[in-house]
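Heads up, the thing below is written out as structure tokens.
Each reported figure results from applying straightforward, stated rules to the coordinates on display, with no laboratory input. Computed from a predicted model, the values in this text were never measured in an experiment. All Cβ positions, even for glycine, are placed from backbone atoms using ideal geometry, and neighbour counts span all protein chains on display.
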Amino acid sequence: MNKADALTNNAYFSVNSEGFVTFTEQGIAEYRSYSGKAGIDIRNIKSLEDFRRARRTASHLFDNHLAAKIKKGGQTLERRLLIAVAEGNEAEIKRLERLLDARNNGIQAI
């Protein structure tokens with residue numbers, strides 16, 4: 001599989017040689033949730049260009065979607081930092097980076 005194939009054939013969707021997109025069940029579940037909020041019905045996405053256009057249109061909702069998925073796990077410093085990045089919370093990013101740097105240098109916060 002070449003690099004282009006890896007970008008267009010994955011667990012979420014595949015693109016045939018004519019450029020038609022087919023979503024897997026996992027892809028439908030993944031993209032439907034935030035695309036629908038942007039007014040996009042993924043059943044209408046037929047080509048890779050349609051898909052790219054839909055992703056651009058729904059991009060403002062993708063960060064919230066990603067943050068919601070990330071929040072489902074344990075609350076490690078790394079996970080909290082990832083949530084802050086997904087939410088664009090600069091103050092929290094800086095705070096957590098300082099805590100991670102201190103921890104990685106052998107300093108424990110009490």
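Expected output is a single nm value to one decimal: the length gained when fully extending between residue 95 and residue 32, i.e. 0.36 nm times separation in residues minus the C-alpha distance. What is it? List each step's numbers first, then the result.
Values: separation 63, 0.36 × 63 = 22.68 nm, distance 3.39 nm.
This chain segment gains 19.3 nm when fully extended.
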Normalised by the residues of region 1-61, what does the relative contact order come to in percent, with Cα pairs under 8 Å and at least six apart?
-> 27 percent
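Evaluate the relative contact order of the chain (contact order divided by residue number), counting alpha-carbon pairs under 8 angstrom at least 6 apart; express in whole percent. Each step should come with its number before you reach the end.
Values: 93 pairs, mean separation 16.1, N = 110.
Relative contact order, the chain: 15 percent.
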Please state the charge dipole magnitude for region 71-110, taken about the Cα centre, from unit charges on C-beta atoms (+1 on K and R, -1 on D and E), reported in debye and rounded to the nearest 20.
-> 160 debye
Efficiency of FRET between residue 55 and residue 17 - r from beta-carbon atoms, R0 25 angstrom, step 0.05 | 0.70
Approximate spin-label separation residue 79-residue 41, in nm, with each point projected 7 Å along Cα-to-Cβ = 3.7 nm
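With an 8 Å cut-off on Cα pairs and a minimum separation of 6 or more residues, tell me the relative contact order of region 71-110 in percent. Please report the intermediate quantities before stating the final value.
On the way: 20 pairs, mean separation 12.1, N = 40.
That works out to 30 percent.
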Mind putting a number on the dipole of the chain about its Cα centre? Charges go on the C-beta only, +1 for Lys and Arg and -1 for Asp and Glu, and I need it in Debye to the nearest 20.
-> 260 debye
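Would you list the membrane-span-like helices of the chain, meaning whole DSSP H runs whose alpha-carbon atoms span at least 30 Å along their axis and whose mean Kyte-Doolittle value is at least 1.0?
Details: long enough: none.
Result, helices passing both filters: zero.
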